[in-house]
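The values are calculated or read from the model by the stated rules, or taken from the named source; none is laboratory data. Predicted model, so just to flag it, every value in this text is computed and none were measured. Don't worry about glycine lacking a Cβ; one is built from the backbone with ideal geometry, like all the others, and counts go over all protein chains shown.
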Amino acid sequence: MSPDAAIDVSNLGKSYGSVTAIRGVSFTVRPGEIFGLLGPNGAGKSTTLRILITVLPPSSGTATVLGHNVTTEADTVRRLIGYVPQERAIDRFLTGREHLELLGNLYHLPRRELRSRIDELLQLVDLGAQADRVAKTYSGGMKRKLDIACGLLPNPRIVFLDEPTLGLDVHSRLRIWEHIRQLRERGITIVMTTNYLDEADRLCDRLAILDGGVVRAIGSPMELKAGVGGDSVSLTIGDRDADVLHRLRDGVMALPFVRDARPTSTGLDIRAESPEKSLPAVLDVAHRLNCRVEGIEYHRPRLDDVFVAHTGHAIKGEYPDDGEA
Ligand SMILES: Nc1ncnc2c1ncn2[C@@H]1O[C@H](COP(=O)(O)OP(=O)(O)OP(=O)(O)O)[C@@H](O)[C@H]1O
Ligand SMILES: [Mg+2]
């Protein structure tokens, strides 16, 4: 366990009856960072988060938040954190401000302090102008902002956000990212879950890739991408004969700068360094073998490559449906 960690998770496991939701999950969150749990549906993100906010007891392992054990010191942990759940709990008949007032009374915040704090939070999430409108008239993005303001009301040192931009349109997502970055500027540590690759890449300082209840990789987006080892070249080949594809694969694998090559349903996926040198050589092999190259796609490693490299499959949900704004 590292002494200056904001959160330390060690070998955490949780089963719901016969369903193992997470097992052997370990990671550390540093103070003041935006830490992401990235994974597809059912990966165990919400389960991990709910253990950390003390509403779910772990089946095994330990977790500490600001040095306090989530099981044995749950009350202390709760006083230090804020939580924005995956499912929104907005009451349709109250205004945005009334939601915050109600919650402030639950937290027993003094009246005067509460009023100024609510004004400050409404401003932070850019809801000042809509504060006195009934929440049922809010768009999806506005409801999510109100959720975030609710999570911040107790003035937490760590905020947990479960899928903060799920189902929002592109514009609303960017606004929410801005608000989350502002929290970091205020020194608040953020732990969030997401199944959006671009969100993990652009917003998180570090992340853990979670799949099937297991942590597959941890690092900053840049570290993770560097770890993939080489750029990605996808060849689309016409007349795909299995024998030809295998000979193409063998020819490409024999080239310098090529780290890996795998036949796919449409051609060949190659991992290579130095595109200036590897691309002409790859095309030359294809030419010698009489392969008709119909397409070639090249890119530097992206987080989707990282995900595939560590899990063996693609993540779903990188492009959200346009939800309500
Ligand atoms: N209360 C529960 N009872 C039984 N099984 C559960 C319960 N909650 C979660 N699970 C199971 O545990 C696994 C992990 O679920 P979890 O909600 O943590 O995933 P997630 O990564 O948050 O997924 P999503 O992206 O869909 O929110 C899944 O297989 C899920 O079906
Ligand atoms: Mg979830």
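The single condition from (1) in contact with a helix residue (DSSP H, G or I) (Cβ under 8 Å, 6 or more places away or on another chain); (2) among the hydroxyl-bearing types (Ser, Thr, Tyr); (3) more than 23 Å from Val125 (Cα to Cα) that Tyr83 fails is (3). Say whether the condition of being part of a helix (DSSP H, G or I) and within 19 Å of Ala314 (Cα to Cα) is met by at least one residue in the stretch 207-221. The answer is yes; a qualifying residue exists.
Contact map, the stretch 202-218: residues that are touching a residue at least 40 places away in the same chain (Cβ under 8 Å) paired with residues that are acidic (Asp, Glu), Cβ distance under 8 Å, separation 6+ or inter-chain. Pairs shown: Asp205/Glu33; Arg206/Glu33. If Thr62 passes every condition in (1) under 21 Å from Leu183 (Cα atoms); (2) more than 16 Å from ligand 1 (Cβ to nearest atom); (3) assigned to a strand (DSSP E or B) but one, which one does it miss? Against the list (1) under 21 Å from Leu183 (Cα atoms); (2) more than 16 Å from ligand 1 (Cβ to nearest atom); (3) assigned to a strand (DSSP E or B), Thr62 comes up short only on (1).
Listed conditions (1) within 16 Å of ligand 1 (Cβ to nearest atom); (2) surrounded by fewer than 23 Cβ atoms within 10 Å (Cβ to Cβ); (3) of a type in the set (S, T, N, Q) are all met by Thr48, apart from (2). Every condition in (1) touching a residue at least 40 places away in the same chain (Cβ under 8 Å); (2) crowded, with 16+ Cβ neighbours inside 10 Å; (3) within 16 Å of ligand 1 (Cβ to nearest atom) holds for Glu33 except the one numbered (3). I'd like the residue in the stretch 56-69 that is over 24 Å from Gly187 (Cα atoms) and either at pLDDT below 95 or touching a strand residue (DSSP E or B) at 6+ places or on another chain (Cβ under 6 Å) (or both) and, out of all such residues, is farthest from ligand 2 (Cβ to nearest atom). The extreme case among them is Thr62.
Being within 16 Å of ligand 1 (Cβ to nearest atom) and either assigned by TED's automatic domain parsing to the domain that holds Leu66 or assigned to a strand (DSSP E or B) (or both) is a description that applies to Pro164. Restricting attention to the stretch 218-246, the residues being in the same structural domain as Thr264 (by TED's automatic domain parsing) and over 24 Å from Glu273 (Cβ atoms) number 7. Every condition in (1) closer than 30 Å to Ile22 by Cα; (2) free of Cβ contacts under 8 Å to residues at least 60 places away in the same chain; (3) surrounded by fewer than 15 Cβ atoms within 10 Å (Cβ to Cβ) is met by Ala226 except one, and the failing one is (2). The number of residues in the stretch 250-278 being part of a helix (DSSP H, G or I) and surrounded by fewer than 18 Cβ atoms within 10 Å (Cβ to Cβ) comes to 5. Look at Gly17 and say whether it is under 29 Å from Val306 (Cα atoms), within 16 Å of ligand 1 (Cβ to nearest atom) and not basic (Lys, Arg). Answer is no for this residue.
Considering the conditions (1) of a type in the set (S, T, N, Q); (2) exposed (fewer than 14 other Cβ atoms within 10 Å of the Cβ); (3) in a helix (DSSP H, G or I); (4) within 16 Å of ligand 2 (Cβ to nearest atom), Ser116 is excluded by exactly one of them, (4).
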